Amino acid sequence: MSDVVEKTLTALPSLLSLDSQPGSAKLSSTAKLGNLIRGITELTSKHEEEKLIQHELASIKEQVSSPNTTMRQMRELMVRAVYCEMLGYEASFSYIHAIKLAQQGNVLEKRVGYLAVSLFLNESHELLLLLVNTVLKDLQSTNLIEVCMALTVVCQIFPKDMIPVILPIVEEKLNHPKEIIRRKAVLALHKFYLIAPNQVQHIHNKFRKALCDKDPGVMTASLHIYLQLIQENAEAYKDLTASFVTILKQVVGGKLPMDFNYHSVPAPWLQIQLLRILSLLGKNDQRTSEVMYEVLDESLRRAEMNHNITYAILYECVKCVYTIHPKSELLEKAAKCIGNFVLSPKINLKYLGLKALTYVVQQDPKLALQHQMTIIECLDHSDVIIKRETLELLFRITNAQNVTVIVEKMLDFLRLSKDDHMTIDIVGKVAELAEKYAPDNEWFIQTMNAVFSLGGDMMQPEIPNGFLKLLSEGFDSEEEDRKLRLFAVSSYISLLQGEPSKLPQRFLQVICWVLGEYSFLKEDLEPSVVLGLLTKLLDMKSSSSETKSWVLVAMTKLCWSEAAVSEAQQVAETYSSSFDTTLRQRAQELQHLSRDSQLHSRVLPPGGRLEPDEVDSSLSFLDGFVSEALSAGAAPYKPLHQRQEELSRSKVLSLEPYGLSLPISTSSCSITDRQSPTLLSTSSGLSGDGTDFSHRGSSTTLRLDGVKRVWGREGYLAQKKPVEEVAQVEVPSPLRSPSQQGDANSCRSKTPTPTANPECDQEKQQLASSLFGGLSSQSSVCLMEKSEPDIQRFRRKAKGQRSSSTTNEQRANPTVSSASAVDNLLCNNLLEADTEPINSSAKQTFQHPHSLSVANGACDAEAILTDGDPKERNQPLSSEDFVEADDSPPREDQERSKDSCLTPHLPAELSGFSHSEIIPLCSSQSLDLSACHVQTDNSVVLVVFITNTSEDANLQIQVLSEELEVFCVCESPVEEVRGRSVSVRQYSLTVKMPLVHFELVGMLSYSIPAGMPQAMMQFSYKLPLTSFIRPLTVSTEEYGSMWLAFSHDTKQNLTLIKEEREPLTATLNALNKKLSLHVVEIIGVEGLVACSLLQDQPCLMHCRVHAGRLAVWLRSPVPDLPDCLLYHCQRALQEP
Amino acid sequence: MMRFLLLFSRQGKLRLQKWFTPITEREKKKIIRDMTTLVLARQPRSCNFLQWKDLKIIYKRYASLYFCLAVENQENELLALEVIHRYVELLDKYFGNVCELDIIFNFEKAYFILDEFLMGGEIQETSKQMVNRSIEASDMLQEDDSSEWYEVELFG
């Protein structure tokens, strides 16, 4: 109330000023607009309105171009101009002034200016270029409102080519402190992405930043982009699934500020957006789907309020549940939801229920059964939209048994339909069903007749083409074909005897073709009778010239009897002087062929021709001709496009004739080239206009080329399947065993039928059983023979099978797949462990284990000492030595045996793994300690060799480390070491906390000989982190989900290995070799690498080539691991 | 994504048009004509959704004014209906008990509100408070102007 009072009060002064200074510039803007509006409403005729507006526009025009008009007046003028345009009168003179207003006005005037521009101009208007600078300036303005306005106008209307100019500034706005600016910037980028996706390719990670924005509004805005991106490539965003699920959980849980509530439902737009994203991500992906089951369940549970918006969420939930990998519990709940929708008295909900049913019915045909009575009610609904949706649903559940009923319903609908778009759609569907499931010839022809007469000339040309194709190619059985054609002929004869003027042109063309080809099948039919009927078509005013040419061609085929010939010649006479070249051509053909019966029977053999002509699209039979012509100096042939290109390049006046206007049904000519009037019409064009013979000729052959692909000798690819199906359907279903039928019946009787009064429902029940009969049996079949794909009946069956409660299979699958994954993993690991050292360079730390294994096999863990020079013995062997040792033991047995016996050898169980060089640790007079570490699959073992060159000794060794856990494999710390032998100790090491290098400190106390006073030796051993690193074999999706889960990360730029072609691959391969990191995938300039610290501590690395360097980003659940690993990566890449 | 929003009266007079994708003037005229005839021909108790070519039309009548929103086929119809409703709520909050005349006489304001609510065919801001705040922020700069457009109340 107070508002109104206030308004009135504030309005008073202006009202007064209006009175006191009439007609002055102070006259308020809305007063002028108001005057105009009121003026219009008072008018009675359209003519008067036009006069008034024209007058108004003239006055606006005068004022806007006057130099004295202030910006403020201009603003008012613009509003009036916009109003006039809205009424449908052009005010193009004001466009430039709108831009000027946006440029020069203050904030308020600017706003009107921008509004007027966005209403006046469209994206390709040339004046828009003048706006670019203004937008640029406003984007950089310090006034937030101006920035907002600029972003809004950028979203609404901006020349595509100019996007790069403002892109950096809009990008910058993503970091703006005000969330409203960030949000608008995100939406503007979304818009850019839609109109010019390649230009925002580089800012994908900024989108991620927007997704993580602390303001929920900005995050919501970024989802628009993500929905788009995920629609295009769901695989690339699987890693975000967990985040989306978390967001949805928070939203559903009411964690957002109250501002986002809509009728006390938390952020419904956001919820629905997320559900749509999730359904895209979870589609055909069990792992990802599993992540979202919980939140979907929660959403289904929470949305229970009786409000449109909750239904909207529920509907999206249901769709999502049925799109992702199925989970029976959720499906059950979703099915219940659909039930509520369908049964709702609210018509909007009913509509959505039907839509949802249509969506899910392939997966769950039983659901349609449950609601059969409702569906039948909806079939007779007064609202055409509901009816149409019901037909859509029925279309999806059609099978061989209910096809007649459903097609009948669809035809009924078509008879009443006034909407062209709907008619075209449904006609196509009827034709599809008829071809697929036709129970018999008669029905098929009659249905197609209905399709042709109802579909008229709007329907897709594929329908008549497909039908003719079907007739001409036939099925397996000659006899069936004959019957079908015969039936078609008789049906068409009777149609022509009726009122052919009411039939659409397309239908007449079909009739002509069929009669021309097959009327001989009807033995009691004289060709002259057919000719008579066809002549009537020629005389009809409504016949198009295209139809007439079809008629003439049909006549040409028919004129093989005496009576027919005379009639034909009469017709030919008339049309050979037609104005239409095509018709004239046809008439000429008819005339010549009817005169010369021999020629006629050669060109058009009576009885039809079963084999279509072979089309040699390469025109190889002309080769001789061409080479002859070339040798005679003719110019070589150039294809059309090349000629055009050359023409445009030479920039001379194009002398090319206007494009050949082929009749619409070019493809219809393809049944056989000679039978079609349209194709011949091209050749008639040829003869009529000889200036560009080669050009025309080539264009026809080009067309033939295209045609051949569809229709070629092997048949029309797209139609092939239906043909087979009809052939199958033709055999009525005795194939179904009685037990199955019994099943079907019991299933049918079991379904609940929510009806009350029997008398009026009798009919509906009957309808129901005829509609859903096939369905129920089908679903039972489905249950029993789940493995057998029933593709022919239901094209999109694949999904249905999966959901048709083959739960066992589903449960089994994951174990199988995970088992195989484990196999893979093991296999890979083994493989890598095996091959990696071979590949590695000579300078590397590791040596191939195999070189040792032979020797080890021979002397096992301990070796007996024969002679001793400890210094020499303990020299680490280079890999060359090993090779030699392997190759030559028999030859140099004597010399070698001394050494090899005192040489430390790895225990047999470790010999298969790669190990480091054996390095000396410390030595005393008689004892030498050396050590190496061995990398097994799941551990690192430190092997300490104690070489005793003197007598027996007692030893005690302790090995310690702060960062490593050391576990001694031997039981007792004290050991007796015999003289002249090598004793081996093993310590298994595990990492407590990651470091770049680990240091082990050891203490050896010994007494030689045993019983003598103890002496001590200290030693230390260093090993790098890399010893603990194992490749981690994960899939890209797993990588994605892991990536998000890890919290510790680090980033750095590394040097790329200089290689010209693929520096990234080379670099990653180097890392793989040197550090045994697993390369998950290389996508363009990005690479995914994974490894783990021993078995269970993964670390992921994301690499991207950026400005000649490798930007790496490491993530791990283990603190410090990324940093330490980074160090090694750096080292590995710096080494030559 | 939304494609366009039209507001027209029971007599088929256009009150507001917003096109979210580039469309030529001729097409616009045709669409407006199609929409008004389609929607005005609907029976009162029928469903609020229509199929038009490859688009979903969601319409709703508020008093004498029809709101007609076209969305892409895969969009959620109920949600689109709520988009319309929220826009009406926003208008109502701004004008206070909004009527068709408010929108006729202040159509530019209706556009400004719409621009704050939807952007590039997507929802931008669903909070009533927020939309109003940003509209008022711009209106504040209006100084003495504010008096003028309230005159509608007197005319209405």
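The values are calculated or read from the model by the stated rules, or taken from the named source; none is laboratory data. Note that this is a predicted model, so its numbers are computed, not measured. Heads up, the Cβs are rebuilt from the backbone with ideal geometry, glycines too, and the neighbour counts pull from every protein chain shown.
Figures for the structure shown
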{"quantity": "Helices (runs of 4 or more DSSP H) wholly inside the range B:112-156 that include at least 1 residues being within 7 Å of chain A (Cβ to nearest Cβ) and at pLDDT below 50", "calculated": "B:146-149, B:152-155"}
{"quantity": "Members of the range B:29-48 found to be facing chain A (nearest Cβ under 9 Å) and either touching a strand residue (DSSP E or B) at 6+ places or on another chain (Cβ under 7 Å) or of a type outside the set (D, E, K, R) (or both), listed by number", "calculated": "B:ILE32, B:LEU38, B:GLN43, B:SER46, B:CYS47, B:ASN48"}
{"quantity": "Selection count where residues are surrounded by fewer than 18 Cβ atoms within 10 Å (Cβ to Cβ) and either closer than 13 Å to A:VAL1112 by Cβ or in contact with a Cys (Cβ under 6 Å, 6 or more places away or on another chain) (or both), scope the range A:1086-1099", "calculated": "1"}
{"quantity": "Set B:GLN51, B:GLN17: member being crowded, with 16+ Cβ neighbours inside 10 Å, of a type in the set (S, T, N, Q), in contact with a His (Cβ under 9 Å, 6 or more places away or on another chain) and facing another protein chain (nearest Cβ under 10 Å)", "calculated": "B:GLN51"}
{"quantity": "Those residues of the range B:54-63 which are part of a loop (DSSP other than H, G, I, E, B) and more than 10 Å from chain A (Cβ to nearest Cβ), in sequence order", "calculated": "B:ALA63"}
{"quantity": "Matching strands (runs of 3 or more DSSP E) fully within the range A:934-1038 where at least 2 residues are without any contact (Cβ under 8 Å) to a residue 40 or more places away in the chain and within 23 Å of A:SER1116 (Cα to Cα)", "calculated": "A:964-968, A:997-1007"}
{"quantity": "Checklist (1) over 44 Å from the mean Cα position of the chain (by Cα); (2) without any contact (Cβ under 8 Å) to a residue 40 or more places away in the chain; (3) over 29 Å from B:ARG33 (Cβ atoms); (4) in a helix (DSSP H, G or I) applied to A:ARG75, failing item", "calculated": "(2)"}
{"quantity": "Test: residue in the range A:325-338 that is assigned to a helix (DSSP H, G or I), under 24 Å from the mean Cα position of the chain (by Cα) and closer than 22 Å to A:ASP364 by Cα", "calculated": "no"}
{"quantity": "Residue match in the range A:446-453 (condition: part of a helix (DSSP H, G or I), in contact with a helix residue (DSSP H, G or I) (Cβ under 6 Å, 6 or more places away or on another chain) and over 15 Å from A:LEU508 (Cα atoms))", "calculated": "yes"}
{"quantity": "In the range A:211-249, the residues that are over 21 Å from the mean Cα position of the chain (by Cα), under 24 Å from B:GLY121 (Cα atoms) and in a helix (DSSP H, G or I)", "calculated": "A:LEU211, A:PRO216, A:GLY217, A:VAL218, A:MET219, A:THR220, A:ALA221, A:ILE247, A:LEU248"}
{"quantity": "Matching residues in the range A:1048-1077 - criterion: being under 15 Å from A:LEU1125 (Cα atoms), free of Cβ contacts under 8 Å to residues at least 60 places away in the same chain and outside any helix (DSSP H, G or I)", "calculated": "A:ASN1053, A:LEU1077"}
{"quantity": "Per-region count, the range A:143-152, residues within 17 Å of B:LYS18 (Cα to Cα) and either more than 9 Å from chain B (Cβ to nearest Cβ) or of a type outside the set (A, V, I, L, M) (or both)", "calculated": "1"}
{"quantity": "Selection within the range A:8-43 - at pLDDT below 80, within 57 Å of the chain's Cα centre (by Cα) and not in a helix (DSSP H, G or I)", "calculated": "A:SER28"}
{"quantity": "Flag for A:GLU479 being in contact with a helix residue (DSSP H, G or I) (Cβ under 7 Å, 6 or more places away or on another chain), of a type outside the set (A, V, I, L, M) and assigned to a helix (DSSP H, G or I)", "calculated": "no"}
{"quantity": "Hey, B:LEU90 at the interface with another protein chain (Cβ under 9 Å from one of its Cβ atoms), crowded, with 23+ Cβ neighbours inside 10 Å, farther than 19 Å from B:ASP54 by Cβ and out of contact with any Leu (no Cβ under 6 Å at 6 or more places or on another chain) or not", "calculated": "no"}
{"quantity": "Condition broken by B:GLU82, with the remaining ones in (1) at pLDDT 90 or above; (2) surrounded by 17 or more Cβ atoms within 10 Å (Cβ to Cβ); (3) not in a helix (DSSP H, G or I); (4) not aliphatic (A, V, I, L, M) satisfied", "calculated": "(3)"}
{"quantity": "Residues of the range A:314-334 classified as surrounded by fewer than 20 Cβ atoms within 10 Å (Cβ to Cβ) and either hydrophobic (A, V, I, L, M, F, W, C) or closer than 27 Å to B:SER46 by Cβ (or both), total", "calculated": "1"}
{"quantity": "Condition met for A:ARG183 (within 11 Å of chain B (Cβ to nearest Cβ), of a type in the set (Lys, Arg) and assigned to a helix (DSSP H, G or I))", "calculated": "yes"}
{"quantity": "Qualifying residue in the range A:119-126 (condition: in a helix (DSSP H, G or I) and farther than 26 Å from B:ILE103 by Cβ)", "calculated": "yes"}
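Listed here are the residues, each with its yes/no results for (1) at pLDDT 85 or above; (2) farther than 19 Å from A:TRP513 by Cα.
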site	(1), (2)
A:ASP580	yes, yes
A:GLN585	yes, no
A:HIS600	no, no
A:PRO612	no, no
A:ASP616	no, yes
A:PHE625	yes, yes
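Here's the yes/no breakdown for (1) free of Cβ contacts under 8 Å to residues at least 24 places away in the same chain; (2) among the small types (Gly, Ala, Ser); (3) at the interface with chain B (Cβ under 9 Å from one of its Cβ atoms):
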site: A:SER141; (1), (2), (3): yes, yes, no
site: A:CYS155; (1), (2), (3): no, no, yes
site: A:MET162; (1), (2), (3): no, no, no
site: A:LYS178; (1), (2), (3): no, no, no
site: A:LEU189; (1), (2), (3): no, no, no
site: A:ASN198; (1), (2), (3): yes, no, no
site: A:LEU211; (1), (2), (3): no, no, no
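Every residue, every condition in (1) on the phi > 0 side of the Ramachandran plot; (2) without any contact (Cβ under 8 Å) to a residue 12 or more places away in the chain; (3) more than 11 Å from chain B (Cβ to nearest Cβ); (4) touching a Gly at 6+ places or on another chain (Cβ under 6 Å), yes or no:
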position: A:ASN308; (1), (2), (3), (4): no, no, no, no
position: A:ILE324; (1), (2), (3), (4): no, no, yes, yes
position: A:LEU331; (1), (2), (3), (4): no, no, yes, no
position: A:ALA334; (1), (2), (3), (4): no, no, yes, no
position: A:GLY339; (1), (2), (3), (4): no, no, yes, no
position: A:LEU343; (1), (2), (3), (4): no, no, yes, no
position: A:TYR351; (1), (2), (3), (4): no, no, no, no
position: A:LYS355; (1), (2), (3), (4): no, no, no, no
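Residue-wise test of (1) modelled with pLDDT of 90 or more; (2) over 18 Å from A:ALA554 (Cβ atoms); (3) in contact with a Gly (Cβ under 8 Å, 6 or more places away or on another chain).
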site	(1), (2), (3)
A:LEU433	yes, yes, no
A:MET458	no, yes, no
A:PHE475	no, yes, no
A:GLU478	no, yes, no
A:LYS483	no, yes, no
A:SER490	yes, no, no
A:ILE493	yes, no, no
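Here is a yes/no grid of residues against (1) surrounded by 17 or more Cβ atoms within 10 Å (Cβ to Cβ); (2) among the acidic types (Asp, Glu); (3) touching a Ser or Thr at 6+ places or on another chain (Cβ under 8 Å):
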{"residue": "A:PHE120", "(1), (2), (3)": "yes, no, yes"}
{"residue": "A:LEU127", "(1), (2), (3)": "no, no, no"}
{"residue": "A:LEU136", "(1), (2), (3)": "no, no, no"}
{"residue": "A:VAL147", "(1), (2), (3)": "yes, no, yes"}
{"residue": "A:ILE163", "(1), (2), (3)": "yes, no, no"}
{"residue": "A:ASN175", "(1), (2), (3)": "no, no, no"}
{"residue": "A:ILE181", "(1), (2), (3)": "yes, no, no"}
{"residue": "A:LYS191", "(1), (2), (3)": "yes, no, no"}
{"residue": "A:PRO197", "(1), (2), (3)": "no, no, no"}
